Amino acid sequence: GRAGSRVELLSPVPLEDLTQRRARTWLDQELVAENPTPAPDGGFGQDVQKALRQRRAWLIAEGLAREEAGRTLYRRDLRTHLQAQEIAETGAAYATAVGKRYVPAAGGTIEGVYREPVQLVSGKFAVIEKARDFTLVPWRPVLDRELGKSVRGMMRGDAISWTLGRSRGQSIT
């Protein structure tokens, strides 16, 4: 490759599958950006331009955006809202599969057994399981060493700081 070139994975799913996905996508980031990344006119750039038009139309049809005076206005919390919808749908499907209740992460203390990572369109999340229920929280690389172990974290917004292992005599259940 050329010196200085870099490749970045923007999505775990193909571009054409993002236009109507109920999830926070990189297309949404481009649509709401003050200075969107210019897409070239040919090849993949053309595909991106088409996907952006389709995504904008879908967001309008879903009531998450509207046209006003020749501009598209997006819901203020668009990306957060779409991510929450994807997490809730994933939680419901996972609940059916494992026979436990899904409890949305509400911030504060998160504790349980780290069962597995889950790659969503919105990002990578960790399944944290208790005896009768589980939650999905933003995954962090530090969790890789903790698979199947008890973990405890403090969540504020999208940020989470983990206290791993049984430190200072704390029992983590």
I need every pair where a residue in the range 37-50 that is open to solvent by less than 100 Å² (accessible area, probe 1.4 Å) has its Cβ under 9 Å from the Cβ of a residue that is among the aromatic types (Phe, Trp, Tyr), sequence separation at least 6 or different chains.
none
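Looking only at strands (runs of 3 or more DSSP E) that fall completely inside the range 114-172, which ones have 3 or more residues that are modelled with pLDDT of 90 or more and within 28 Å of Asp28 (Cβ to Cβ)?
The strands (runs of 3 or more DSSP E) meeting that bar are 123-129, 133-138.
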Residue that is farthest from Asp133 (Cα to Cα) [pool: residues in the range 87-97 that are open to solvent by 60 Å² or more (accessible area, probe 1.4 Å) and not small (Gly, Ala, Ser)]
Glu89
If Arg101 satisfies every condition in (1) more than 16 Å from the chain's Cα centre (by Cα); (2) open to solvent by 70 Å² or more (accessible area, probe 1.4 Å); (3) modelled with pLDDT under 95 but one, which is the exception?
(3)
Considering Ile60, Ile87, which residue is closer than 18 Å to Pro138 by Cα and either at pLDDT 95 or above or in contact with a strand residue (DSSP E or B) (Cβ under 6 Å, 6 or more places away or on another chain) (or both)?
Ile87
Exactly one of (1) modelled with pLDDT under 90; (2) part of a helix (DSSP H, G or I); (3) open to solvent by less than 60 Å² (accessible area, probe 1.4 Å) is unmet by Ser11. Its number?
(2)
Where a residue in the range 75-86 is open to solvent by 50 Å² or more (accessible area, probe 1.4 Å) and its partner, wherever it lies, is assigned to a helix (DSSP H, G or I), with Cβ under 8 Å and at least six apart
Arg75/His81; Arg79/Asp28; Arg79/Gln29; Arg79/Val32
List, please: which pairs have Cβ atoms under 9 Å, are six or more places apart or on different chains, and start with a residue in the range 95-108 that is within 23 Å of Met154 (Cα to Cα) and end with one that is open to solvent by less than 80 Å² (accessible area, probe 1.4 Å) and assigned to a loop (DSSP other than H, G, I, E, B)?
Gly107/Gly157
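The values are calculated or read from the model by the stated rules, or taken from the named source; none is laboratory data. Quick caveat, the model's predicted, so the values are computed rather than measured. Backbone-built Cβ (ideal geometry, glycine too); neighbour counts: all protein chains shown. The area values use the complete protein model at the heavy-atom level, side chains included, leaving out ligands, DNA and RNA. Shrake-Rupley method; radii C 1.70, N 1.55, O 1.52, S 1.80 Å.
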